[in-house]
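Undergrad: Structure below; questions to follow.
The values are calculated or read from the model by the stated rules, or taken from the named source; none is laboratory data. Owing to the predicted nature of the structure, the values given are computational and were not obtained by experimental measurement. Cβ sites come from the backbone with ideal geometry, for glycine too, and all protein chains shown count toward neighbours. What goes into the accessible areas is simple: the full protein's heavy atoms, side chains included, and nothing from ligands, DNA or RNA. Shrake-Rupley method; radii C 1.70, N 1.55, O 1.52, S 1.80 Å.
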Amino acid sequence: MKPNSWQSALLLSSMALAAGSGYGAEIKLNGFASFVGGKAFNGQRLPNGTLSSYLADPVHALVAGTINDDARYSDELSFRPDSIYGLQVNAFLGQGLKATAQLTGKGANDFETEIEWAYLSYDVTESTTLQAGRQRIPLYFYSDFLDVGYAYHWIRPPVEVYGSTMSTYEGFSIMHNGALGNWDTSTRLYSGAIISEESRFGEFGSDEMVGLVFSTSNEWLRLRASGVRGKFFVENSTTNSDNAVDAYFSSLAGYVTLGDGFLAAETTYADTIDDYIVTAGYQFGEITPHISYAEVDINYSGFLNPSFQDLSNVTETTTVGVRWDFHPAAAFKLEYSTSTDASSKEIISAFGKRNEVDAVSFGFDIIF
């Protein structure tokens with residue numbers, strides 16, 4: 001669904017309320033941007049004659065069913081796949097009521113401005129909040145600030161795990177913050193429908209979705225578990241929304257702070273996908289070098305053809321990088337990633353080693 005329906009009406013009415021000084025509303029603006037360039041190296045020659053490329057933005061990998069070159073790095077320097085700008089508007093309407101909207105423009109989507117978030121929040125108590133509207137699906141550890149590159153050490157979280165094309169949903173959520181001894185806790189229950197989006201198989205979406213997120217943390221450790229189940233459908237030339245099937249997604253993540261260092265891991269599981277990340281880094285003043293390993297195994301066995309016994313698309317990527325916090329509100333990042341294709345022989349025979357490629361990327365993240 002395009003943001004010209006009820007989400008836009010929600011946003012505009014909320015902003016109109018905030019504009020009325022009689023309501024005593026306070027408006028707060030926050031912005032962010034990433035200006036990133038990159039290039040692929042050592043790409044494999046594929047059966048169709050092209051070179052393998054490095055996918056940076058899975059959400060915009062396809063446009064009208066065709067490959068979107070702005071979402072991936074090729075052997076020519078590009079400044080689109082990871083570049084983004086955004087503006088978040090918070091209107092505090094008093095008595096625990098707040099309206100939030102986030103506008104973003106991504107290079108992979110021709111920098112077209114979209115309403116990514118548009119929702120109302122109401123504090124039922126000091127520890128419990130209700131939300132309604134268009135929100136980010138909280139699938140991953142970094143989901144709540146995935147667009148804000150300044151918030152993490154990478155240029156982009158590894159797409160081997162953060163590769164879902166599900167990004168937003170329209171519905172409701174309830175969040176509760178609490179404590180268990182020395183541990184802080186956060187619980188979120190949400191439900192709604194996924195906006196129909198393009199995938200490699202066609203447009204997909206969900207009319208029924210229920211998810212739960214639980215996280216807990218102390219001074220040096222944060223743990224997070226997430227799960228979602230719903231009826232999902234894919235629409236293309238041979239299917240329609242009547243083919244909706246039950247599916248689920250789950251993730252586990254941990255983040256350990258070791259003085260000036262950190263160690264983190266995240267794994268996700270779905271019906272046909274297994275993947276994980278392990279990453280570590282150490283901060284030397286303004287400089288933070290880091291290294292990551294990520295792997296994804298997409299198993300098509302029995303999904304495309306029941307006769308296939310082993311039909312797996314496997315990518316293994318190692319990334320080394322450095323972050324330089326040269327300014328309180330800006331950071332420069334440089335990364336080199338090398339990916340190998342460990343797919344089954346049937347996949348490689350049909351498509352070549354399309355996942356085997358190296359890439360270098362560099363750029364600036366800012367907040368304001």
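Undergrad: So which residues in the stretch 118-139 are of a type in the set (A, V, I, L, M, F, W, C) and modelled with pLDDT of 95 or more, if there are any at all?
TA: Matches in the stretch 118-139: A118, L120, V124, L130, A132.
Undergrad: Okay, next question. Kindly list, by first and then second residue, each pair from a residue in the stretch 76-90 that is over 20 Å from K333 (Cα atoms) to a residue that is open to solvent by less than 80 Å² (accessible area, probe 1.4 Å) and aliphatic (A, V, I, L, M), limited to pairs with Cβ atoms under 7 Å and residues at least 6 apart or on different chains.
TA: L87/L103; V89/A101
Undergrad: Starting from the stretch 155-180, take each residue that is farther than 30 Å from N355 by Cβ and list its partners that are open to solvent by less than 30 Å² (accessible area, probe 1.4 Å) and in a loop (DSSP other than H, G, I, E, B), counting only C-beta distances under 9 angstrom and pairs at least six apart or across chains.
TA: Correct list of pairs: S173/P138.
Undergrad: If we scan the stretch 112-119, do we find a residue that is part of a loop (DSSP other than H, G, I, E, B), in contact (Cβ under 8 Å) with a residue 12 or more places away in the chain and not charged (D, E, K, R)?
TA: Checked the stretch 112-119: no residue is part of a loop (DSSP other than H, G, I, E, B), in contact (Cβ under 8 Å) with a residue 12 or more places away in the chain and not charged (D, E, K, R).
Undergrad: Before we move on, is K353 surrounded by 17 or more Cβ atoms within 10 Å (Cβ to Cβ), touching a strand residue (DSSP E or B) at 6+ places or on another chain (Cβ under 7 Å) and within 17 Å of I291 (Cα to Cα)?
TA: No; evaluated as a whole, the condition is false for this residue.
Undergrad: Among what's in the stretch 260-287 and is at pLDDT below 95 and part of a loop (DSSP other than H, G, I, E, B), pick the residue that is nearest to S226 (Cα to Cα).
TA: D271
Undergrad: Another question, then. Could you grab me the full set of residues in the stretch 312-367 that are out of contact with any Phe, Trp or Tyr (no Cβ under 8 Å at 6 or more places or on another chain) and aromatic (F, W, Y)?
TA: Hits for the stretch 312-367 are Y336, F351.
Undergrad: Which of the residues that make up the stretch 125-139 are within 19 Å of S206 (Cα to Cα) and either part of a strand (DSSP E or B) or touching a Phe, Trp or Tyr at 6+ places or on another chain (Cβ under 6 Å) (or both)?
TA: A132, G133, R134, Q135, R136, I137
Undergrad: Which members of the stretch 143-152 meet the condition of being open to solvent by 20 Å² or more (accessible area, probe 1.4 Å) and either without any contact (Cβ under 8 Å) to a residue 60 or more places away in the chain or among the small types (G, A, S) (or both)?
TA: D144, F145, L146, A151
Undergrad: Continuing with the same structure: Residues of the stretch 43-62 being open to solvent by 40 Å² or more (accessible area, probe 1.4 Å) and under 23 Å from K106 (Cα atoms), which ones?
TA: Listed by number, the residues that qualify are L55, V59.
Each row is one residue, and each column tells you yes or no for (1) of a type in the set (A, V, I, L, M, F, W, C); (2) more than 16 Å from E335 (Cβ to Cβ); (3) out of contact with any Ser or Thr (no Cβ under 7 Å at 6 or more places or on another chain); (4) at pLDDT 95 or above.
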| site | (1), (2), (3), (4) |
| --- | --- |
| S34 | no, no, no, yes |
| A40 | yes, no, no, yes |
| R45 | no, yes, yes, no |
| T50 | no, yes, yes, no |
| V59 | yes, yes, no, no |
| V63 | yes, yes, yes, no |
| D69 | no, yes, yes, no |
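Undergrad: If you don't mind, another one. Determine which member of the set I298, I347 is open to solvent by less than 30 Å² (accessible area, probe 1.4 Å), at pLDDT below 95 and outside any strand (DSSP E or B).
TA: Result of the check over I298, I347: I347.
Undergrad: Give just the number: which of (1) among the small types (G, A, S); (2) assigned to a strand (DSSP E or B); (3) at pLDDT below 95 does A253 not satisfy?
TA: A253 satisfies all of (1) among the small types (G, A, S); (2) assigned to a strand (DSSP E or B); (3) at pLDDT below 95 except (3).
Undergrad: Next question, about the same structure. Within the stretch 153-185, track down each residue that is of a type in the set (D, E), open to solvent by 20 Å² or more (accessible area, probe 1.4 Å) and part of a loop (DSSP other than H, G, I, E, B).
TA: Within the stretch 153-185, none qualify.
Undergrad: Say we look at the stretch 73-107 and pick out the residues that are charged (D, E, K, R) and under 20 Å from I366 (Cβ atoms); which of these is surrounded by the most Cβ atoms within 10 Å (Cβ to Cβ)?
TA: The extreme case among them is D82.
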